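Undergrad: Once you've had a glance at the structure underneath, I'll fire off some questions.
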Amino acid sequence: MIDDLYSARILTLAANLPHSGRLAAPEGTGERVAKLCGSKATVDVVLDADGRIADFAQDVKACALGQAAAGVVGEVVIGATTEELQSARDAMLAMLKSGGEGPEGRFEGLRALKQVADYPARHASTMVAIEATLDAVNQALTARTSLAGAA
């Protein structure tokens, strides 16, 4: 059972964390912590003129499952829209909690974590990277709106 959870694919994703680190001048930063296990993701983003992710960095200190999810996010996040992130987050939650198929499109690689559905104690750690990314994008968009309103 544990071998299914920590498959070679999961361990490979966990070992290769794209865009690791922090950005010098992010427009938005998001942080999420899984309270049960302490897995943590801090994400910095810079958006382009259309609100898509133009630059991204992540500092992830998580279990192999959290690292694997962050690995998938890091591989495909450049160019993502808020809508794509929200859809992926919602599909991940449905996959983990109610038998959904998982994200489609850009974030389809997160389906590699489908077996985590059988381990509710691991759900939060699997979600920290995508939720922190969505928080960072929302913070950047809010800051832009505030600046535009002040001008």
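The values are calculated or read from the model by the stated rules, or taken from the named source; none is laboratory data. The model shown is predicted, which means the values in this text are computed figures rather than measured ones. Using ideal geometry, Cβ is built from the backbone for each residue, glycine included, and neighbour counts are taken over all protein chains shown. SASA here: full protein model, heavy atoms, side chains in, ligands and nucleic acids out. Shrake-Rupley method; radii C 1.70, N 1.55, O 1.52, S 1.80 Å.
Undergrad: Please compute the modelled spin-label separation between residue 121 and residue 35, points set 7 Å along Cα→Cβ, answer in nm with one decimal.
TA: The answer from the label model is 1.7 nm.
Undergrad: With point charges of +1 on the Cβ of Lys and Arg and -1 on the Cβ of Asp and Glu, referenced to the Cα centre of the chain, which listed residue (87, 41, 103) lies farthest in the positive direction of the dipole?
TA: 41
Undergrad: Rounded to the nearest 500 deg cm²/dmol, what is the calculated helix-only ellipticity per residue at 222 nm for the chain, with -39500 (n - 2.57) per DSSP H run of length n ≥ 4?
TA: -15000 deg cm²/dmol
Undergrad: Send over a whole-number figure in Å² for the accessible area per residue of segment 74-151, probe 1.4 Å.
TA: 46 Å²
Undergrad: Quick one: work out the % antiparallel among DSSP beta bridges in segment 1-69, nearest 5.
TA: Approximately 95 percent, going by the DSSP bridge assignments.
Undergrad: Using 0.36 nm per residue of separation minus the Cα-Cα distance, give me the extension gain between residue 146 and residue 7 in nm, one decimal.
TA: That pair, residue 146 and residue 7, stretches by 45.5 nm at full extension.
Undergrad: Give the carbon-plus-sulfur fraction of the accessible surface of the chain in %, rounded to a whole number; probe 1.4 Å, heavy atoms of protein chains only.
TA: Taking all protein chains in place, the chain shows 52 percent carbon and sulfur surface.
Undergrad: While we're on this one: For residue 139, what charge total do you get from the other residues with a beta carbon under 14 Å from its beta carbon, if Lys and Arg give +1 and Asp and Glu give -1?
TA: Values: positive: 32, 144; negative: 27, 31, 44, 131, 135.
Once positives and negatives cancel, what remains is -3.
Undergrad: Mind checking the dipole of segment 1-83: about its Cα centre, +1 per Lys or Arg Cβ, -1 per Asp or Glu Cβ, Debye to the nearest 20? Mind showing how you got there, number by number?
TA: Values: 7 positive and 11 negative charges, 74 e Å.
Around 360 debye, computed over segment 1-83.
Undergrad: Roughly what angle does helix 64-76 make with the longest principal axis of the chain, taking Cα atoms, 0 to 90 degrees, to the nearest 10?
TA: The two axes meet at around 50 degrees.
Undergrad: If you work out log10 I(q)/I(0) by the Debye sum over Cα atoms at q = 0.12 Å⁻¹ from the coordinates, which of (1) -0.45; (2) -0.79; (3) -0.69 do you get?
TA: (1)
Undergrad: While we're here: Excluding residue 62 itself, calculate the net charge of residues whose Cβ lies under 15 Å from the Cβ of residue 62, where each Lys or Arg counts +1 and each Asp or Glu counts -1. Present the calculation step by step, with values, prior to reporting the outcome.
TA: Working: positive: 32, 35, 40, 61, 122; negative: 31, 59, 131.
Result for the neighbourhood of residue 62: +2.
Undergrad: Oh, and also: State to the nearest 20 debye the size of the charge dipole of the chain about its Cα centre, where the only charges are +1 on K and R beta carbons and -1 on D and E beta carbons.
TA: Details: 14 positive and 19 negative charges, 84 e Å.
Dipole about the Cα centre, nearest 20: 400 debye.
Undergrad: Can I ask one more? Tell me the net charge near residue 32. Cut-off is 9 Å between Cβ atoms, residue 32 excluded, with +1 for each Lys or Arg and -1 for each Asp or Glu.
TA: Details: positive: 40; negative: 31, 131, 135.
Local charge sum for residue 32: -2.
Undergrad: To test your reading of the geometry: what angle, between 0 and 90 degrees and rounded to tens, separates the Cα axis of helix 82-98 from the longest principal axis of the chain?
TA: Between helix and principal axis, roughly 20 degrees.
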